[in-house]
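To keep things clear, I will list the structure first and then write my remarks on it.
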Amino acid sequence: SQILHVHQVVYLVEHGISPLVGASVVSIVGIASILGKTGGGWLSDLIEREKVFLVGNIIMVLSVFVLFFAGTKGSIAAAYLFAVFLGIGYSANAAIAPAMMSDHFSGQYFGSILGVGLFGSAAGAALGPWLAGELFDLHGDYYMAFTLAALCGILAAFSGIGVKVLKLVDVRR
């Protein structure tokens, strides 16, 4: 998600969207993230967190395709739809990932497990935008960078499901 957060405005402006609209897209992401965090947390108390996590990742991955469409068509409406999808998708996951870890790995080592997970998340958040910039510099467009963002979203979705599968199999047996 951080690749998209950092590079969304430049991408949109380079594809004919005004800088003012590009900046307002960032605001819409922020507003939508409030809905994603509160709604995702609320839903994860009603249904399995892994399902909410999966749907959040799917929405985030869909946001990449909407962003591509917004850029290729110069569509302001698509740019705002991208912002809603990104805001809801990434924030629903951010809010429930620690709770998912607690559900599956609570106990004496939970703090260490959570710390490693959050360190990995922070490392990706730091390296992703930089790598996206490098890919842009090498290729002259954001295709590879945004494809990487979508692939990371898919990988995250599978990792959330994988935790549930491992729990069902009970790898300690």
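Here are the numbers for the structure shown:
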read-out	value
At least 20 Å along the helix axis (C-alpha) and Kyte average at least 1.6, DSSP helices within the chain	143-169
Packing-based ranking, highest mean first, of 99-109, 53-63, 83-93, 145-155 given that Cβ atoms within 10 Å are counted	83-93, 53-63, 145-155, 99-109
Convex hull per residue volume in Å³, alpha carbons only, for region 18-71	58
Long-range tail of P(r) for the chain (Cα pairs > 30 Å, %)	20
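Just so you know, all these numbers are worked out from the coordinates, no wet-lab data involved. All of these numbers come straight from a predicted model, not from anything done at the bench. Quick reminder, even Gly has a Cβ in these numbers, built from the backbone with ideal geometry, and neighbours come from all protein chains shown.
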